[in-house]
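Written below as structure tokens is the structure these notes are about.
What follows is calculated from the coordinates using simple rules that are stated; it is not laboratory data. In this text, all values refer to a predicted model and were calculated from it rather than measured experimentally. Neighbour counts are summed over all protein chains in view; Cβ atoms, including those assigned to glycine, are modelled from backbone coordinates with ideal geometry.
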Amino acid sequence: TQLLEQSPQFLSIQEGENLTVYCNSSSVFSSLQWYRQEPGEGPVLLVTVVTGGEVKKLKRLTFQFGDARKDSSLHITAAQPGDTGLYLCAGAIVTDKLIFGTGTRLQVFP
Amino acid sequence: NAGVMQNPRHLVRRRGQEARLRCSPMKGHSHVYWYRQLPEEGLKFMVYLQKENIIDESGMPKERFSAEFPKEGPSILRIQQVVRGDSAAYFCASSPARISGANVLTFGAGSRLTVL
């Protein structure tokens, strides 16, 4: 069974701080996606990374896919209260399904 | 172009009753996925369907749960004889084709099932 472990599970920080969320697995993924989910809503896609070592930036968010395509990280610079939410990584495997990580709940206080 | 539509958004059932959750994929999408989410947890894969075919149901319990995606109409996730442990948010997602770097899933807002 493929498993994606995210760390930390919970994160509470002050506005303006930086943070990194990690997503690790022993499995190789053809692509990896990051989603953000707000209470009462479905996950919303933030980014997809496909190539090992790939780095993508989305404003204050930086996503990296590990060289071996087994892990990924999400770095947020100068966090804002609007960044609060549940962050989920998800890996695509050859059988055409997405396996989701365990989730990181981020709270940013003003 | 409406997104993925799920209904009902909230459903309350008593133990032993049946729950039917419906999902209309985005226009032009023929691949549907169902996921289950417990509070404060990630999403657990249940089943992957294409029109009239179940492709992968490895995440779905063998008993009481079934899913279909008919040629016409929405995809249905059916839970018979519900138990309290079935209480969760059930999310549907659709894709225009097989998942790859270019094709991603679009999620609905979910159906929240509460079993009393």
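Fewest neighbouring Cβ atoms within 10 Å first, the residues B:Leu116, B:Leu49 line up as B:Leu116, B:Leu49.
Past the 19 angstrom mark, what percentage of all C-alpha to C-alpha distances in region B:21-76 do you count? If you can, show how the numbers build up before the last one.
Working: 416 of 1540 pairs.
Every Cα pair in region B:21-76 considered, those over 19 Å come to 27 percent.
Over 26 Å between Cα atoms, which of A:Lys97/B:Lys27; A:Lys56/A:Lys97; A:Lys70/A:Lys97; A:Lys70/B:Lys27; A:Lys56/B:Lys27 qualify? Pairs exceeding 26 Å: A:Lys70/B:Lys27; A:Lys56/B:Lys27.
For B:His31, B:His10, A:His75, which order do you get if you count the other beta carbons within 10 Å of each Cβ and list the fewest first?
Details: B:His31 21, B:His10 12, A:His75 16.
Listed from fewest to most nearby Cβ atoms, that is B:His10, A:His75, B:His31.
Its residue count N fixes a reference of 2.2 N^0.38 Å for the protein assembly as shown, and the Cα radius of gyration divided by that reference is 1.02.
Between A:Leu74, A:Val44, A:Gly85, the Cα set farthest toward the positive side of the dipole of region A:34-85 (charges on each charged residue's Cβ, about the Cα centre) is that of A:Leu74.
R0 = 30 Å: FRET efficiency of A:Gln107 with A:Leu3, Cβ-based, nearest 0.05?
Working: r = 25 Å, r/R0 = 0.84.
Result of the calculation: an efficiency of 0.75.
Within chain A, the ratio Rg/Rh, alpha carbon atoms throughout and Rh by Kirkwood, equals 0.96.
Applying 1/(1 + (r/R0)^6) with r as the Cβ-Cβ distance of A:Ser27 and B:His10 and R0 = 35 angstrom yields a FRET efficiency of 0.50.
Please report the net charge: other residues with Cβ closer than 14 Å to the Cβ of A:Leu45, K and R +1, D and E -1.
Details: positive: A:Arg36, A:Lys56; negative: A:Glu38, A:Glu41.
Residues close to A:Leu45 contribute a combined charge of 0.
Residue separation of A:Thr51 and A:Gln80 scaled by 0.36 nm, minus their Cα-Cα distance, works out to 7.5 nm of gained length.
When the inverse distances between all different Cα atoms of region A:11-67 are averaged and flipped, the Kirkwood radius reads 13.1 angstrom. Net charge in the neighbourhood of B:Leu77 (other residues with Cβ under 12 Å of its Cβ; Lys, Arg +1, Asp, Glu -1) is +1.
Ordering B:Met46, B:Met60 from the fewest to the most neighbouring beta carbons within 10 Å gives B:Met60, B:Met46.
Identify the trypsin sites (Lys or Arg not before Pro) of region A:43-96 meeting these criteria: DSSP loop state and at most 12 other C-beta atoms within 10 Å of the C-beta. The partial results should precede the final answer.
On the way: sites: A:Lys56, A:Lys57, A:Lys59, A:Arg60, A:Arg69, A:Lys70; in loops: A:Lys59, A:Arg60, A:Arg69, A:Lys70.
Those satisfying the criteria are A:Lys59.
Taking Cα centroids, how far is region A:1-65 from region B:1-39 in Å? Cα centres, region A:1-65 to region B:1-39: 25 Å.
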